[in-house]
Amino acid sequence: MKGVNLFGVAGAVKVLSVAVLVTTAVGCTASTGGDGGGSAASCTYRVEYAGRTYLGSEAKGFVLGARLGAATVPACDDTPGHGDDSKRATPATAYAIKGVDPGVAIALKDAGDDVIFVDVSSGTTLPEIKKLIRGS
């Protein structure tokens, strides 16, 4: 019995190209295995302050306000099993941002002059916060 090529030579090349692209795309996704042995995505820049979790975002032109108090930059182990498990949380000092409620966003003096931290549960979007900063 002789095999029949339903796609022809050009069709077989296209099918092979699609198979290679799909395999490559699947190979680039991050593993989220719960056993700690798989790869993980890079850690997000986050801060914990007053029982809230804040994620780092870019915002230029803000002015530091009053010193709020102690905050923590949690440890990040984005490469499990690579001998860097000794990383610990880092203490920091939270500051208000002029014109913005600290329940919405805060800043860290050492984070840079273009990074703010937005409370993930505030429901306020970054564009809304940027408007508050410009309006202050």
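Evaluate the following for residue 34: is it over 18 Å from the mean Cα position of the chain (by Cα) and modelled with pLDDT under 50?
Against the criterion (over 18 Å from the mean Cα position of the chain (by Cα) and modelled with pLDDT under 50), residue 34 qualifies.
Can you name every residue in segment 43-63 that is touching a residue at least 24 places away in the same chain (Cβ under 8 Å) and small (Gly, Ala, Ser)?
50, 56, 57, 59, 61
What's the total number of residues in segment 93-110 that are farther than 13 Å from residue 61 by Cβ and either in a loop (DSSP other than H, G, I, E, B) or touching a residue at least 60 places away in the same chain (Cβ under 8 Å) (or both)? Please lay out each step first, then the result.
Going residue by residue through segment 93-110, those that are farther than 13 Å from residue 61 by Cβ are 93-96, 101-106, 108-110.
If we keep only those that are either in a loop (DSSP other than H, G, I, E, B) or touching a residue at least 60 places away in the same chain (Cβ under 8 Å) (or both) as well, we get 101-104, 108.
Counting residues in segment 93-110 that are farther than 13 Å from residue 61 by Cβ and either in a loop (DSSP other than H, G, I, E, B) or touching a residue at least 60 places away in the same chain (Cβ under 8 Å) (or both) gives 5.
What's the number of the condition residue 26 fails, among (1) open to solvent by 70 Å² or more (accessible area, probe 1.4 Å); (2) modelled with pLDDT of 85 or more?
Here residue 26 meets the rest and fails (2).
Among the residues of segment 44-59, is there at least one that is basic (Lys, Arg) and exposed (fewer than 14 other Cβ atoms within 10 Å of the Cβ)?
no
Out of segment 86-102, which residues are within 20 Å of the chain's Cα centre (by Cα) and either closer than 14 Å to residue 53 by Cβ or among the acidic types (Asp, Glu) (or both)?
Selection gives 89, 92, 94.
The values are calculated or read from the model by the stated rules, or taken from the named source; none is laboratory data. Everything numeric here is computed off the predicted structure, so don't read it as measured data. Neighbour counts run over all protein chains shown; Cβ positions are idealised from the backbone, glycine included. Please note that ligands, DNA and RNA were not included when accessible areas were found on the heavy atoms of the full protein model with its side chains. Shrake-Rupley method; radii C 1.70, N 1.55, O 1.52, S 1.80 Å.
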